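Right, one structure below, let's go through it.
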Amino acid sequence: MVGLSTHYFPLTVASVESVADAFDVQRVANQATEAGAAWFVFTLQHQNWLMMAPNGTFDRFVGHGDRTPERDVTLELFRALDAKGIKLLLYVNLYMSAGPAVTQAMGGWPPSDQLVDRMAAVYREFSIRYGDKVAGWWVDGAGMPHYRNSPHRERWFAKIAGALRAGNPNAVVAISPALEVGRYSVDSDFTAGESNDLKPIPAGRWLDGAQWHLWTYLGGWWGSNGKRFSDQELGKYLVLVTSRGGAITLDVGTWGVVRDGLKGDTVAASEGGRIDPEQIAQIKRVREQHRLRSPSLSEPVPACP
């Protein structure tokens, strides 16, 4: 099975409302349908803790609502995707790079029980609000040394996963170790396998009891436009992964920029708030050339992811 994702979120406090307003949920849902996506992973909150939906709990912790928009992009996106039979998963990040004031208001850094408790409270509000509208969660930032090397690691992850499942006990969760494919936590239902290439190969559907899953980007970087794989290269890999029961999420560009790697120059390429049409066209070609089956609306998508 193949899904899509995008890294689209505000980069500054001043842009919170404008970035949220610019996201074209109906266009994105139409494009995801055209690509044959079974699910879509949407960035709700990245490590800068600027969000794509309102959250009163977070506003109370930090003392203002400057970092959360009025528009609930997540809820609107669910409605658009649900009408197409596409499941919604949400991305959150456990790292704090929000500046000293917000970081201290949330419990400080490195991670502590207070920080994890407050993160969990923020996520619980989202989870209860969305309920079974959200089929799963991707938890990034958990591979930071402060988490990885902590004796409290699994206890903290259990608290986060519990909060994320508060509104939907059947939601699947992936806790990411970053650039490796493996079941990083006992609370991971599918592997949060980030990769910069198409080299990891599943031996079968399951890896240590979790659904084998890989996440990579189509452009030059996460959220970037462009195509770094040929149709043949991408198609061959998708067939290999899915034929063995694996799942893959392809990150597409919605910033409207081209970027080559983490430190590459960012160059404007198209209008933001929608998916790069060339990427959608490539996925569609590859799916048709290799007869990759797209799930019908009457056929449930496998539980993981």
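Annotations
- Each residue of segment 18-34 was assigned a 3J(HN,Hα) from its phi angle through the Karplus expression (A = 6.51, B = -1.76, C = 1.60, θ = phi - 60°), giving 5, 5, 4, 5, 7, 6, 8, 4, 5, 5, 5, 4, 5, 5, 5, 5, 4 Hz with x at Gly and Pro.
- Residue 125 - accessible surface, heavy atoms, 1.4 Å probe, Å² rounded to 10: 50 Å²
- Spin-label zone in segment 274-290 - amide nitrogen under 16 Å from a point set 7 Å from the Cα of residue 232 along the C-beta vector: 286, 289-290
- Segment 46-122, relative contact order [Cα under 8 Å, separation at least 6], %: 34 percent
- The Rg/Rh ratio for the chain, using Cα coordinates for both the radius of gyration and the Kirkwood hydrodynamic radius, is 0.94.
- Solvent exposure of the chain amounts to 40 Å² per residue of accessible area, where only protein heavy atoms count and the probe is 1.4 Å.
- One decimal place: the segment residue 75-residue 59 gains 3.9 nm when fully extended, by the rule 0.36 nm per residue minus the C-alpha distance.
- Degrees between helix 231-243 axis and first principal axis of the chain (Cα, 0 to 90, nearest 10): 70 degrees
- Whole-number percent relative contact order across the chain, with pairs defined as alpha carbons under 8 Å at least 6 apart: 18 percent
- Sequence-distant residues sharing a close amide H with residue 172 (under 5 Å, placed H): 136, 137
- Annotation: peptides 52-62, 212-222, ranked by per-residue average of other Cβ atoms within 10 Å with the highest first, follow the order 212-222, 52-62.
- Annotation: lysines with alpha-carbon distance below 22 angstrom to residue 87 (same-chain offsets under eight excluded): 133, 284.
- Solvent-accessible surface ranking, highest first, for 17, 288 at 1.4 angstrom: 288, 17
- Top positive-direction residue, dipole computed over segment 24-123 with Cβ charges, set 111, 61, 83: 83
- Computed E for residue 103/residue 289 - FRET, C-beta separation, R0 41 angstrom, nearest 0.05: 0.30
- Fraction of accessible area attributable to carbon and sulfur, segment 177-270 (%, probe 1.4 Å): 51 percent
- The angle between the Cα long axis of helix 277-289 and the main principal axis of the chain comes to about 50°, on a 0 to 90 degree scale.
- Amide H contacts of residue 41: 4, 5, 6, 89, each under 5 Å away and 5 or more positions distant or on a separate chain (H built 1.01 Å from N in the peptide plane; Pro and chain starts excluded).
- Cβ charges +1 (Lys, Arg) and -1 (Asp, Glu), total dipole of the chain, debye: 640 debye
- Ranking 70, 76 from most to least accessible surface, computed with a 1.4 Å probe over the protein chains only, gives 70, 76.
The values are calculated or read from the model by the stated rules, or taken from the named source; none is laboratory data. What you are looking at is a predicted structure, and each value in this text was computed from that prediction instead of being measured. Note that we place each Cβ from the backbone using ideal geometry, even for glycine, and neighbour counts take in every protein chain shown. Heavy atoms of the whole protein, side chains included, go into the accessibility calculation; ligands, DNA and RNA do not. Shrake-Rupley method; radii C 1.70, N 1.55, O 1.52, S 1.80 Å.
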